[in-house]
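Since the structure comes first, as structure tokens, the remarks are kept for the end.
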Amino acid sequence: MNNLSQTAPAESAGRSKLAALNDWVAQVAALTQPDAIHWCDGSDAENAALVAKMEADGTLVRLNEQTHPNSWLHRSHPDDVARVEHLTFVCTPEQEDAGPNNHWMAPADGHAQMDALFAGCMKGRTMYVIPYCMGPIDSPLSRCGVEITDSAYVVANMRVMTRMGAPALARIEREGSFVKGLHSVGELDPNRRFIMHFPEELTIKSFGSGYGGNALLGKKCHALRIASHQAKAEGWLAEHMLILGLENPQGETHYIAAAFPSACGKTNLAMLIPPEGYRQDGWKVWTIGDDICWMRPGADGRLYAINPEAGFFGVAPGTSINSNPNALKTVAHDTIFTNVAVTADNQPWWEGLSEGKPVIDWRGNEYDSSKGPAAHPNSRFTVSAQQCPSYSPKAEDAQGVPISAIVFGGRRASLVPLVFEARDWTHGVLVGAAMGSETTAAATGAVGVMRRDPMAMKPFCGYNFADYFSHWLSFDKEGAKLPKIFHVNWFRKGDDGKFLWPGFGDNLRVLEWMIKRVKGEAAAQETPIGNLPSADDVNIAGIQLSDEANAKLFGFDHAGWRAEFESIGEYLQEYGPRMPQALHDEQQRIARSLDA
Ligand code: GTP
Ligand code: SPV
Ligand code: MN
């Protein structure tokens, strides 16, 4: 059943041409004491052997082979279903460098605490060594890492989410450096769970969780927390953003990067299918990425972006043939589902899916509607981006795509209109820094609580937010041809508590207005918070909006914004003297014009 090439720890030394990698693997093996070591090559045979092993031990359950070929259900430990922000640390020598936005521990203390957890933790287990590349394997913008884990589920997910295996190892051996990520599921005990980052050492240590953002270390730990730290030093940006290409009927494609907090619509916008009429006219959306964007200035002064990931780790609930048909087609085969429910004929099921009904809930119990949702609200699918019908061939382009517009957005039931445009780059950076959003099930803790989530990076910025905003401001220099910056809110609610904007495919109408603004072809009204379209400036032909919707989506609530800007001012103060003066000045200028 299982023909993985495993070697006894003592024999695995010298597996790589890179001494630094061999030494680190040997050190980790001495600490964690696995029974065997397996170096992952990323091959189909290796994956088949791993999947067979997981099917045999119950880690994976096969789904209906007719409707969902080669697809699997994983039920996690019920206390291990989301990111754990309160257990996530950035360990810099100086606490100030981690900033008030991060939990901090001194590096020596962090290592001591983690190494005590790792000591002997892989006894009786296999240790997997996963070389991976974030970004196209031949791109100068890509970066590599090696994750060591004792979880076969992590290996299977990393294979989908990154370029994993032999080509990545070859690049690592050529470059000589890599991000080190050490992971163990431990006992899945929430009281023995930590995710620690050592940015100066390009090192991650994660213990006690098997969940995506905590355990697939290439993703949030490397591609955002460690990469943001490197990007600051090297003059680029590592962001929690989708990337899409918007093709108009003339055949021009503009690329847009958008930062929305976790479970606030990135996957859905990235895979958008234009509404009736637009489709017939020839509009098309191309997907480049749905979660992470690395971008840097090119020789022409524009920002060029790549998606460092190779797959999607997407939110299942709410995904339906109406809301996101591309996602449904993407997950029709060769997909790992985590914590969804199943139907009587063993098909995956979640709330919002229009067909079928749940029989077994995400915990594996008979479904009982009085005991909560059938699928966990943060249940997810892991699937290769290559399976997405709208996946852009440009996603594999080593040079990346030029960005025409950057979009910030949050989940705001009140106050914030559908869309507005920042006046200039500095104003746009303030718009990003001031972002607020209601919390979601993507992290443990209360859901629906409004918090500041600057640039959707609150859980992911690997250093002090004040320095991060300075870094953003620094891109506005001689010769730069920067994108326009916008803010959107798909989640404004009416007095009846229902969403006022239809969202999903109809969000294209807002993207169209943005690109027309970029080209100088659409109108807007100047207000203290930025340039707002009126209902006439966005094409809403064919959708029904109530008077309340029109007023709230396209209106500007003067008194409400005055209070919001007071709160934004207080928020900026929390960062003390490291906060760039330019952001204070911008905030005060807007606050004054709101008082006038
Ligand atoms: P992460 O993977 O956690 O970073 O999330 P994400 O930003 O990719 O979020 P995703 O697109 O998966 O959306 C999360 C939830 O928001 C899903 O339940 C969607 O159905 C819902 N959603 C997405 N777009 C819209 C929209 O335009 N309007 C409304 N009302 N809901 C939306
Ligand atoms: C998020 O929480 O923003 C996600 C899922 O994209 S995870 O990879 O788990 O962080
Ligand atoms: Mn995310």
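Read the figures in this text as sums done on the coordinates, not as results from a lab. These numbers were taken from a predicted model, which means no experiment stands behind them. Here Cβ is always computed from backbone atoms with ideal geometry, including for glycine, and neighbour counts include all displayed protein chains.
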- [ ] For region 216-288, please list each of the helices (runs of 4 or more DSSP H) lying entirely inside it that holds at least 2 residues being within 11 Å of ligand 2 (Cβ to nearest atom).
- [x] 266-270
TODO: Specify the residue that is farthest from ligand 1 (Cβ to nearest atom); the eligible residues are those in region 327-341 that are under 22 Å from Lys219 (Cα atoms) and in a loop (DSSP other than H, G, I, E, B).
DONE: Asp334
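Would you point out which residue out of Pro389, Pro402, Pro459 is in a strand (DSSP E or B) and not small (Gly, Ala, Ser)?
On the way: Pro389 fails: in a strand (DSSP E or B); Pro459 fails: in a strand (DSSP E or B).
Residue meeting the stated conditions: Pro402.
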- [ ] Taking the residues in region 308-326 that are assigned to a loop (DSSP other than H, G, I, E, B) and among the β-branched types (Val, Ile, Thr) as candidates, determine which candidate is nearest to ligand 3 (Cβ to nearest atom).
- [x] Thr319
TODO: Write out, first by first residue and then by second, each pair whose Cβ atoms fall under 9 Å of each other, whose residues are 6+ apart or on separate chains, and whose first residue, in region 217-234, is of a type in the set (Gly, Ala, Ser) while the second is in a helix (DSSP H, G or I) and away from ligand 1 (no atom under 16 Å from the Cβ).
DONE: Gly218/Met158; Ser228/Pro199; Ser228/Tyr468; Ser228/His471; Ala231/His471
- [ ] Any residue in region 61-90 that's free of Cβ contacts under 8 Å to residues at least 12 places away in the same chain and closer than 19 Å to Gly210 by Cβ: show its pairings with residues that are among the acidic types (Asp, Glu) and part of a loop (DSSP other than H, G, I, E, B) at Cβ separation under 7 Å, as long as the two are six or more apart or on different chains.
- [x] none
Open item on the list: Condition first: more than 14 Å from Glu147 (Cα to Cα) and more than 20 Å from the chain's Cα centre (by Cα). Now tell me which residues in region 192-220 satisfy that.
Closed with: Arg192, Arg193, Phe198, Glu200, Glu201, Gly208
Open item on the list: Any residue at all in region 188-210 that's without any contact (Cβ under 8 Å) to a residue 24 or more places away in the chain and either touching a His at 6+ places or on another chain (Cβ under 6 Å) or more than 16 Å from ligand 3 (Cβ to nearest atom) (or both)?
Closed with: yes
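Each row is one residue, and each column tells you yes or no for (1) within 16 Å of ligand 3 (Cβ to nearest atom); (2) aliphatic (A, V, I, L, M).
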site: Asp453; (1), (2): yes, no
site: Phe460; (1), (2): yes, no
site: Asn464; (1), (2): no, no
site: Phe469; (1), (2): no, no
site: Lys477; (1), (2): no, no
site: Ala480; (1), (2): no, yes
site: Glu512; (1), (2): no, no
site: Ile515; (1), (2): no, yes
site: Ala523; (1), (2): no, yes
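Among what's in region 476-517 and is part of a loop (DSSP other than H, G, I, E, B) and buried (at least 19 other Cβ atoms within 10 Å of the Cβ), pick the residue that is nearest to ligand 1 (Cβ to nearest atom).
Initially, region 476-517 is screened for residues part of a loop (DSSP other than H, G, I, E, B), giving 476-483, 489-492, 494-498, 500-503.
If we keep only those that are buried (at least 19 other Cβ atoms within 10 Å of the Cβ) too, we end up with 483, 489-492, 500-501.
Working: Pro483: 20, Asn489: 10, Trp490: 4, Phe491: 6, Arg492: 10, Leu500: 10, Trp501: 7 Å.
This residue is Trp490.
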